[in-house]
1. Answer with yes or no whether Ala102 is open to solvent by less than 10 Å² (accessible area, probe 1.4 Å), outside any loop (DSSP other than H, G, I, E, B), within 19 Å of Asp319 (Cβ to Cβ) and in contact (Cβ under 8 Å) with a residue 12 or more places away in the chain.
2. In the set Asp284, Asp259, Asp250, Asp205, which member is assigned by TED's automatic domain parsing to the domain that holds Leu379, open to solvent by 10 Å² or more (accessible area, probe 1.4 Å), more than 16 Å from the ligand (Cβ to nearest atom) and among the charged types (D, E, K, R)?
3. Given the criteria within 16 Å of the ligand (Cβ to nearest atom) and open to solvent by less than 40 Å² (accessible area, probe 1.4 Å), does Asp273 qualify?
4. Can you report the number of residues in region 314-369 which are in a loop (DSSP other than H, G, I, E, B) and either touching a residue at least 24 places away in the same chain (Cβ under 8 Å) or within 17 Å of Ser94 (Cβ to Cβ) (or both)?
5. Taking the options Arg46, Arg67, Arg62, name whichever one is in a loop (DSSP other than H, G, I, E, B), at pLDDT 50 or above, in contact with a Gly (Cβ under 8 Å, 6 or more places away or on another chain) and charged (D, E, K, R).
6. Here are the criteria: (1) surrounded by 15 or more Cβ atoms within 10 Å (Cβ to Cβ); (2) closer than 21 Å to Phe63 by Cα. Tell me which single one Arg150 does not satisfy.
7. Keeping to region 179-193, report how many residues are out of contact with any Asp or Glu (no Cβ under 8 Å at 6 or more places or on another chain) and open to solvent by 20 Å² or more (accessible area, probe 1.4 Å).
8. Just checking, which of Ala302, Ala271 is modelled with pLDDT of 95 or more, over 23 Å from Ala326 (Cβ atoms) and not β-branched (Val, Ile, Thr)?
Amino acid sequence: MALPVRRRHVVRTIAAATIALLAAVTVPPGPAPATPPPPSSTPLARPAQRVILFDFDGFDPRFVSGRYAGVAELPNLRALIEEGSYGVARGSFSSYSNSSRATTATGTYPITHRNTGYYYSRDTDRGVSQERYLEPGVETIAQSLRRQDRTAAYLQWYVVQNYGAAFGDPAALYTQPGGDCQTRADQAIALLHGEPVDSGGTMVDPARIPDLITVYCDDVDAVLHSDGFSAAGLPAALARVDAQIGRVRDAAREAGILDETAFVVTADHGARDWTIPLLPEVVDRLAGTGLTVEVISSSGGAPDPASEIVIVAAPRTADITLRGRADTPAQARNIARIIRSVPGIAAVYDERDLRRMKASDKLGDLVVEPIEPYHLSTLTDGKPRGSHGGLAEAYVPLVLSGAGIRAGVPLHDVGLVDVAATIGALLGVHPPSTSRGQAVRQAIERP
Ligand SMILES: [Zn+2]
């Protein structure tokens with residue numbers, strides 16, 4: 001179809017122009033995309049010998065302080081915070097796991113890495129839930145560390161699989177132990193003890209303890225999705241992920257490397273409860289325009305070619321693509337105004353808003369976000385559940401602690417986009433070549 005292709009080209013041109021503008025105006029000059037720094041460049045200081053990153057899916061910052069701080073004690077996380085630095089970091093929009101984790105792994109925003117969640121793909125004419133896509137030329141921390149001769153193991157940290165890490169690769173090991181957080185921490189402990197670990201069915205011995213170990217756990221996210229913040233299983237899930245910090249730290253102590261190891265704890269996004277459906281009201285009001293409205297499934301749903309307003313509905317966002325008669329700036333403004341007038345709608349983001357948020361250009365013309373506990377899912381059973389995707393839950397805890405980290409520094413104005421550069425600074429290497437993030441220097445000791 002000629003029209004969507006042409007539009008997509010225009011959008012991408014605008015996105016590229018925006019990146020160029022940001023680079024020119026707000027981002028300090030860095031290495032050109034995909035150009036490795038010269039090998040002769042001065043070696044960087046190395047405040048820590050190694051870094052262990054815990055990436056806890058759905059770990060809302062309000063479990064640390066605020067509304068949900070009493071759900072679980074989190075003694076191990078709090079000990080790291082006590083000895084290190086803590087702040088609430090910005091995630092990225094939209095706050096779906098793969099897209100947010102791509103921000104962490106690349107130090108770029110979705111407008112650059114283009115991993116996108118819950119949208120209608122004009123390319124495939126299908127609804128998409130999540131994807132493993134990363135824009136060619138955008139470097140991950142796994143590719144960056146490998147290029148700079150540093151070793152790493154990524155335990156279920158799927159975002160770098162085949163983007164710098166692979167099954168069976170001892171220098172950039174990807175593993176998929178499955179199970180819960182304890183099973184994943186078991187592998188970190190094995191690596192710290194110098195033991196081989198299962199990587200895609202093969203036992204791999206990295207020969208020495210990797211410079212970076214990342215541990216991905218989704219225990220908390222899974223409980224929140226099924227039952228929300230009132231879930232009976234939530235305290236246990238929080239306690240379980242917290243306990244793994246303690247177990248891995250103990251293993252580092254036993255291995256004699258605790259005082260040269262930095263710990264980073266973060267998440268991809270927070271969460272919000274959802275119970276009250278808004279989608280039927282939104283669809284009703286849009287049908288009043290006389291345009292044809294269709295809700296398609298995020299798992300591969302294909303719209304009728306005649307549909308003019310195509311909605312990919314998810315609890316915390318609805319992605320709206322305008323086609324045919326609906327595809328004009330005046331209609332976009334009118335449709336946004338109609339949706340904003342529905343009680344329970346928090347925001348309708350248009351193309352300008354999405355560019356300002358550095359969101360992916362693969363999202364639709366409008367993205368709608370409800371106020372908690374309203375939702376835009378097709379489910380109408382009213383059961384309490386949790387989810388994410390909106391701007392409200394695009395905030396995460398960021399803990400830096402251990403070797404090379406100053407104690408008691410409140411982290412302000414930090415984001416997931418800064419994590420890769422911060423790990424690089426701790427290890428004394430350059431950030432990923434395309435990274436737009438900044439190392440959290442205020443928390444890093446000068447060696
Ligand atoms: Zn989730």
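The values are calculated or read from the model by the stated rules, or taken from the named source; none is laboratory data. Quick caveat, the model's predicted, so the values are computed rather than measured. Neighbour counts run over all protein chains shown; Cβ positions are idealised from the backbone, glycine included. SASA here: full protein model, heavy atoms, side chains in, ligands and nucleic acids out. Shrake-Rupley method; radii C 1.70, N 1.55, O 1.52, S 1.80 Å.
1. Values: open to solvent by less than 10 Å² (accessible area, probe 1.4 Å): yes; outside any loop (DSSP other than H, G, I, E, B): yes; within 19 Å of Asp319 (Cβ to Cβ): yes; in contact (Cβ under 8 Å) with a residue 12 or more places away in the chain: yes.
Considered against the rule, which asks whether it is open to solvent by less than 10 Å² (accessible area, probe 1.4 Å), outside any loop (DSSP other than H, G, I, E, B), within 19 Å of Asp319 (Cβ to Cβ) and in contact (Cβ under 8 Å) with a residue 12 or more places away in the chain, Ala102 comes out as yes.
2. After ruling out the rest, the residue left standing is Asp284.
3. Working: within 16 Å of the ligand (Cβ to nearest atom): yes; open to solvent by less than 40 Å² (accessible area, probe 1.4 Å): yes.
The answer is yes for Asp273.
4. 19
5. Result of the check over Arg46, Arg67, Arg62: Arg46.
6. (2)
7. Of the residues in that region, 5 qualify.
8. That would be Ala271, the only listed residue that is modelled with pLDDT of 95 or more, over 23 Å from Ala326 (Cβ atoms) and not β-branched (Val, Ile, Thr).
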